[in-house]
Amino acid sequence: ARATDRPALTALGRLALRDGRTADAIRWLERAHAVDAPSDRDGGDPGHARANLRYTLALAYERAQRFDDAARVLLQVGAASTLGWLVPFAQGRIALRRGQYADALSLLEPLTAGMQHAMPVGWWHALALAHALRGDTARAADLAKLGLQAHAKAPRLCAVLATCAERRGAYDEARTWAERGLRDQSDYGPCLKNLADAFYGLRDFVNARAA
């Protein structure tokens with residue numbers, strides 16, 4: 001792609017991100033971002049295209065665990081973006097990964113209004129996890145259960161529920177949630193850990209070592 005062909009550079013970046021080539025995605029998307037925004041004569045909506053590019057670049061930074069860079073680029077997307085809830089959802093995830101749990105909740109919770117059953121499983125997980133990490137395991141468990149009503153197969157929500165149960169000392173319940181998650185994804189690491197921890201809590205050391 002030519003160094004000034006922003007659509008081509010963006011397309012290469014998105015393709016690399018889809019294929020899991022995060023470093024390549026960042027390289028292409030940063031090059032695209034460095035190109036001046038197109039003028040009106042180029043057609044389309046330059047502001048929309050720029051917002052989408054920045055959002056995709058932020059996703060690539062997030063995947064690379066460059067959370068400060070992701071947060072910086074998301075701030076540049078702008079409130080007028082047509083991306084809607086995707087931007088605060090991404091900002092909430094980034095705040096969560098940075099340990100800013102109150103900020104994460106302030107970004108994620110307003111999205112609940114009238115949209116709960118339309119939200120992806122990642123939103124339910126981020127919101128429940130933020131509450132759990134702040135110590136409100138009851139609220140976290142309630143949200144994870146609501147999420148499972150919308151997304152029946154969601155190992156990460158089962159992991160949140162197992163962790164909440166462990167913190168209450170309810171190891172039988174924790175084992176049940178962990179096993180449910182593993183039925184949907186047998187190699188899901190958090191649920192494997194939850195299962196081993198539950199067996200240890202139940203003093204079933206043989207199964208704990210095997211989990």
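Filter the range 135-166 down to the residues that are at pLDDT below 95 and either among the aromatic types (F, W, Y) or open to solvent by 70 Å² or more (accessible area, probe 1.4 Å) (or both) and list them by number.
Q149, K153
Within the range 79-99, can you find the residues that are open to solvent by 70 Å² or more (accessible area, probe 1.4 Å) and within 13 Å of D68 (Cα to Cα)?
Within the range 79-99, R97, R98 qualify.
At least 2 residues that are out of contact with any Lys or Arg (no Cβ under 7 Å at 6 or more places or on another chain) and without any contact (Cβ under 8 Å) to a residue 24 or more places away in the chain in each: list the helices (runs of 4 or more DSSP H) lying fully within the range 89-196 that qualify.
By residue number, 101-108, 137-150, 171-184.
For the range 79-101, name all the residues that are of a type outside the set (V, I, T) and under 24 Å from A8 (Cβ atoms).
S81, L83, L86
Just to be sure, is A58 at pLDDT 90 or above and open to solvent by less than 50 Å² (accessible area, probe 1.4 Å)?
Considered against the rule, which asks whether it is at pLDDT 90 or above and open to solvent by less than 50 Å² (accessible area, probe 1.4 Å), A58 comes out as yes.
Across the range 47-90, what is the total count of residues that are within 22 Å of V121 (Cβ to Cβ) and among the charged types (D, E, K, R)?
Counting residues in the range 47-90 that are within 22 Å of V121 (Cβ to Cβ) and among the charged types (D, E, K, R) gives 2.
The values are calculated or read from the model by the stated rules, or taken from the named source; none is laboratory data. Predicted, not measured: the structure shown is a model, and the values here were computed from it. For neighbour counting, all protein chains shown are included, and Cβ atoms are generated from backbone atoms with ideal geometry for every residue, glycine included. These area figures cover heavy atoms from the full protein model, side chains too; ligands, DNA and RNA do not enter into them. Shrake-Rupley method; radii C 1.70, N 1.55, O 1.52, S 1.80 Å.
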